[in-house]
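A short write-up of the structure that comes next.
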């Protein structure tokens, strides 16, 4: 079972090469049939206020463009997706219904739910509001402002269900100069952390997707397929992953990220990237998820990341590896996360459809440790049934139960669970 998911992904890659249909998966512009209600809404709005569904789909997306949304805004302004001198309003709802079954009572290792939310038995089914969000984007000369408020039922302990999750101001105009400066509360430009499954994320993003709780400063360069970022981060415990020893005041934490995207010809392209972050939560005996809480903080716990994506017509194939530089005191071992995934863009009748396979694993111990590894495999299907609505379906298998709080106490490597998820995304 340990490497079965990897084999599935590789088989998918081999079979997919035999059937090529040119859609350009990374620049998907497929429109769903039926009437787009947004166009009528825009017709009745004042000239400097409106909606922009293509921009909203990128800015709300938790599965793609995870760490580069400030850059995406500048690129959308450059290509005309975002108009100048306008305030754009957006909204997103994600709801899902989950059925899960485990071979061990009370232990369900799926990544989209916290351990205390599950039943004490070996199976359960329930509905979830994954996200209900609103955001606003302001486009002025050389200035792009953004803020997003979110409601979720999957908040970490110590966090509110309702919160202003992101806000920032970016200075820059890629038509005039290839550099920009961003100040605000956002995801750190570190890694890629895309998840090709329609709803569930992978171990790479679960372990290392870094989000700040206080504003950071990000300086970036964008030109000719190159994107390079340097972030200066306040020394605090962030919303996710970010941490500094003893949570001292100051700006001692930092991150670097660089990527290069290259189009070989009309159907072949690739992207490679690498990153580094100085301070993560893997510096103590607890991966203290509640902000400002932890035991035995020590020296800085840094992490590095490499990632790559190859696109062939309607197919994307991606791999990503992230690893801590030093051992995590909670497990006396380095922590790493690996993701291998593939997707194919097609149609069911006239409905844009994405098929995906995703394998990921999180390793935080030696091979003979109970807390050694968690593995996850996801087969996904997403159908865009309307310009503003998509339906997602997933089958997921998880191997190993290792909560990242007190893993040496709570881990059980004999746990295997099977999960079915059906959900909907509504975006305007």
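The values are calculated or read from the model by the stated rules, or taken from the named source; none is laboratory data. Predicted, not measured: the structure shown is a model, and the values here were computed from it. Cβ coordinates were reconstructed from backbone atoms using ideal geometry, including for glycine residues, and neighbour counts include every protein chain displayed.
Listing for the model above:
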quantity: Matching residues, the stretch 87-139, being part of a loop (DSSP other than H, G, I, E, B), modelled with pLDDT of 90 or more and either within 23 Å of the chain's Cα centre (by Cα) or surrounded by fewer than 14 Cβ atoms within 10 Å (Cβ to Cβ) (or both); calculated: 103
quantity: Flag for residue 370 being in contact with a strand residue (DSSP E or B) (Cβ under 9 Å, 6 or more places away or on another chain), farther than 17 Å from residue 110 by Cβ and touching a residue at least 40 places away in the same chain (Cβ under 8 Å); calculated: yes
quantity: Matching residues, the stretch 329-346, being assigned to a strand (DSSP E or B) and in contact with a strand residue (DSSP E or B) (Cβ under 6 Å, 6 or more places away or on another chain); calculated: 336, 337, 338, 339, 340, 341, 342, 343, 344, 345, 346
quantity: Residue tally, condition in contact with a strand residue (DSSP E or B) (Cβ under 7 Å, 6 or more places away or on another chain) and in a loop (DSSP other than H, G, I, E, B), over the stretch 374-388; calculated: 1
quantity: Condition check for residue 175: touching a helix residue (DSSP H, G or I) at 6+ places or on another chain (Cβ under 7 Å) and surrounded by fewer than 20 Cβ atoms within 10 Å (Cβ to Cβ); calculated: yes
quantity: Hits in the stretch 140-170 (condition: modelled with pLDDT under 95, part of a loop (DSSP other than H, G, I, E, B) and more than 16 Å from residue 187 (Cβ to Cβ)); calculated: 153, 154, 155, 157, 158, 160, 161
quantity: Test: residue 148 is under 30 Å from residue 421 (Cα atoms) and either surrounded by 24 or more Cβ atoms within 10 Å (Cβ to Cβ) or touching a residue at least 12 places away in the same chain (Cβ under 8 Å) (or both); calculated: yes
quantity: Which listed residue is closer than 23 Å to residue 382 by Cβ, touching a helix residue (DSSP H, G or I) at 6+ places or on another chain (Cβ under 9 Å) and modelled with pLDDT of 90 or more, from 61, 84; calculated: 61
quantity: Residue in the stretch 351-367 that is without any contact (Cβ under 8 Å) to a residue 24 or more places away in the chain, surrounded by fewer than 21 Cβ atoms within 10 Å (Cβ to Cβ) and not in a strand (DSSP E or B) present; calculated: yes
quantity: Residue under evaluation residue 80, criteria (1) over 15 Å from residue 132 (Cβ atoms); (2) buried (at least 18 other Cβ atoms within 10 Å of the Cβ), criterion not met; calculated: (2)
quantity: Single condition residue 202 does not satisfy, out of (1) surrounded by 15 or more Cβ atoms within 10 Å (Cβ to Cβ); (2) in contact (Cβ under 8 Å) with a residue 60 or more places away in the chain; (3) more than 16 Å from the chain's Cα centre (by Cα); calculated: (3)
quantity: Residue match in the stretch 285-303 (condition: modelled with pLDDT of 95 or more, in a strand (DSSP E or B) and surrounded by fewer than 20 Cβ atoms within 10 Å (Cβ to Cβ)); calculated: no
quantity: Counted residues, the stretch 49-73 - those being part of a helix (DSSP H, G or I) and out of contact with any strand residue (DSSP E or B) (no Cβ under 8 Å at 6 or more places or on another chain); calculated: 3
quantity: Residue count, the stretch 205-228 (criterion: closer than 21 Å to residue 72 by Cα, free of Cβ contacts under 8 Å to residues at least 60 places away in the same chain and in contact with a strand residue (DSSP E or B) (Cβ under 8 Å, 6 or more places away or on another chain)); calculated: 10
quantity: Qualifying positions in the stretch 229-248 - over 18 Å from residue 165 (Cβ atoms), buried (at least 19 other Cβ atoms within 10 Å of the Cβ) and modelled with pLDDT of 95 or more; calculated: 229
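Per-residue answers, yes or no, for (1) at pLDDT below 95; (2) touching a helix residue (DSSP H, G or I) at 6+ places or on another chain (Cβ under 6 Å):
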site	(1), (2)
371	yes, yes
382	no, no
387	yes, no
391	no, no
400	yes, no
407	yes, no
426	no, no
